[in-house]
Amino acid sequence: LTPEPTVHTTPDSANTVNKMREQSAEARMRQIDAQLRGLPHDTAVEQGNAVWPVLEHFLTEYSPDLIVTAAHGRAGAAKLPAPSDADEIFRRSQVPVLTIGPMARNGVHAGTQFHRVLFATDFNPASLLAVSYAVALAQDNEAQLFLLHVIRSPERHRERIAIEFSVADAMYQLYEMVPKDIEFWHRPKAIVEHGDPSERILEVAEQRDIDLIV
């Protein structure tokens, strides 16, 4: 729980509001407890001026292998532009982070059983780490792995000609990212697209009925 703005409020009223928020959060956590009955787990409600410092303490104490968080922006009373909590966690955590966006379809992967995993890359160094998770998820779920690289659409004719010769190279690099000694239930498929990367990734995900994007 992060503090609510206290403009035009007295200390007593602010304390009352914060107490009500804490009680509401604890009630929601009891609902989560009920959903997780039979599964070993811990729940906690903590207060702090920001999410990351509190979470960082939990990472040190519990040493988790994965963080799962909803990807949505924070907005205070002033509606000031600021990085979302999920974005800060994603940028600062040394633990892998699984973010669930607000447009994710509920129940689409039937209890975390993934059938089609999409790995999107621009071939930056971090991709070498990320692809290992995509491969592991595809193996563990006996899923089809798709490897995607999006080439930004060139604006000039000269750039367009150069791009045409880079498609084959991109396909080669995609397949080279997958270790040769790993056996898959379904052979990985490389895809090279042109356009705006974020738009094309979402379009390919919809076209291929993807369950998980890495």
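What does the charge add up to near GLU142, with Lys and Arg as +1, Asp and Glu as -1, over the other residues with Cβ less than 15 Å from its Cβ? Net of charged neighbours comes to -1. Size descriptors for the range 5-54 (Cα atoms only): Rg and Dmax, in that order, 14.3, 46 Å. Between ALA120 and LEU148, VAL214, the built amide H atoms are under 5 Å apart, and every one of these is 5 or more places off in sequence or on another chain.
Values in this text are rule-based calculations from the coordinates and carry no lab data. Here the structure is a predicted model, which means the values were calculated and not measured. No Cβ is skipped: glycine too gets one built from the backbone with ideal geometry, and neighbour counts run over all protein chains shown.
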